[in-house]
Amino acid sequence: MNKHIGSQALWVFITLLTLMSLAFAATYSPGKPIYAAKLLALDGLNEKQTQKTVNDWQQLGIQQIFALDHIYQLPEFRKQLAKTNIKPWLIHQTFFSNHNDLSQTPDWFAITETGQYAQDNSKEGNWLAMACPNNADYKQQSIERAVKQVKAWQPYGLSIDFIRYFAFWELSHVKGHEGYDGHNDPLIDSCFCDTCMQLFFQYLNMEKPKALTTPTQLASWIHDNKQDEWVNFKVQTITSMVKDLVTAVKQVKPDIKINIHAVPWLAGEHNNAVQRITGQSIKELAPYVDYVSPMAYAEMMLKPARWMHDLVIDMKQQCSNQCEVIPAFQVSEMYDSGEITEKEFQSYIREASKAPSAGVVFWPWETLTQQQKNYIKTLTR
């Protein structure tokens, strides 16, 4: 009897949650959808080629462009964009090692619960190495780089990427991969370096137990005894970095817009991995940003198209009315995910742009087919 009542209660809860989500989406009206492109590479283009690329964006109705600094620094890129109404975003890769060879500054490396440097060793993820989010020197140079670039280039917005703890989330669902979220192969937690441990025990207002001498021992003790405090500490670390970064760039461009690239896990999913592993809390980050852009790469993550809409609703509810949600989605094969058919492409746009979405970001733009571009044009006329 109790089991039957429990099942009925669960069914009622799920039904109410679904109805609330549908009502929320139905009553939300953000205005005309934004159609944006996120670039992977645009190197080596001459003046004529750059002009043609920018003209293509205009003809297709692309309103915003997200570009890494190695693209944004190209004078011709900025020159051609300045002739248009396209709004350019500068992508700032915060704790990703691409601007710093961490092997030359090993103290900057984040340390995982296994005592290893925070770098993925799989063939798919060997590009990923991440710095400690609490290393003062690393944080300072990251902020200074952003300020210098914003001051020089005056972008419409700063799009903050890799603003999180280490995780190769892209293949976290694949069994046998280091980040697989299975019972016997958990997602890897970090950071357990000396700096983080000193700050965490200060946060706890207690001395570190002397018996805990290795990252593995410390991680095990924390997970068993102070897990909630540990998650809160990680969330505060990431949130404070966003606050400091935003404060600094607004001193040189007060009207700059702010976006963050969000790991595409639903609230509570994988035992609250989005906070537990990455330290990202949309609710805590929302006061400092104008947009949240979940990396809704459905094909890569083996998700149906409707998952993209679920993700948008979930993050918009966390944002409340403080920021907009504009998902980025994958337009071509990545990590052997398989070719994206025209039907899938259209369904991704349809689901990603449903209210309360503010629009969609196509990634990577360079791999779009002509057929895909033709369909985009039908939407933006």
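Each reported figure results from applying straightforward, stated rules to the coordinates on display, with no laboratory input. Everything numeric in this text was worked out from a predicted model, so none of it was measured. As a convention, Cβ positions derive from the backbone with ideal geometry for all residues, glycine included, and neighbour counts pool all protein chains shown.
A few comments on the model shown:
- Full-extension gain in nm, residue 204 to residue 373, via 0.36 nm per residue minus C-alpha separation: 55.5 nm
- For residue 160, the residues whose amide H sits under 5 Å from its own are 92, 259, 260, 261, ignoring neighbours fewer than 5 places away on the same chain, with H placed 1.01 Å from N.
- The 3J(HN,Hα) values that the Karplus relation (6.51, -1.76, 1.60; θ = phi - 60°) gives for region 118-131 are, in residue order, 7, 9, 8, 9, 6, 5, 7, x, 5, 7, 9, 9, 10, 7 Hz. Gly and Pro appear as x.
- Distance between the C-alpha centres of region 125-166 and region 323-381: 27 Å, rounded to the whole angstrom.
- Spacing of the modelled spin labels on residue 306 and residue 136, each 7 Å from Cα toward Cβ, amounts to 5.2 nm.
- Listed residue pairs exceeding 26 Å between alpha carbons, taken from 226/316; 83/377; 52/250; 257/354: 226/316; 52/250
- For the chain: rounded, prolate or oblate by the Cα gyration tensor [a/c cutoff 1.5]: oblate
- Its relative contact order, with pairs defined as Cα atoms under 8 Å and 6+ residues apart, puts the chain at 19 percent.
- DSSP bridge pairs, the chain: antiparallel proportion in percent, nearest 5: 15
- Efficiency of FRET between residue 270 and residue 98 - r from beta-carbon atoms, R0 22 angstrom, step 0.05: 0.25
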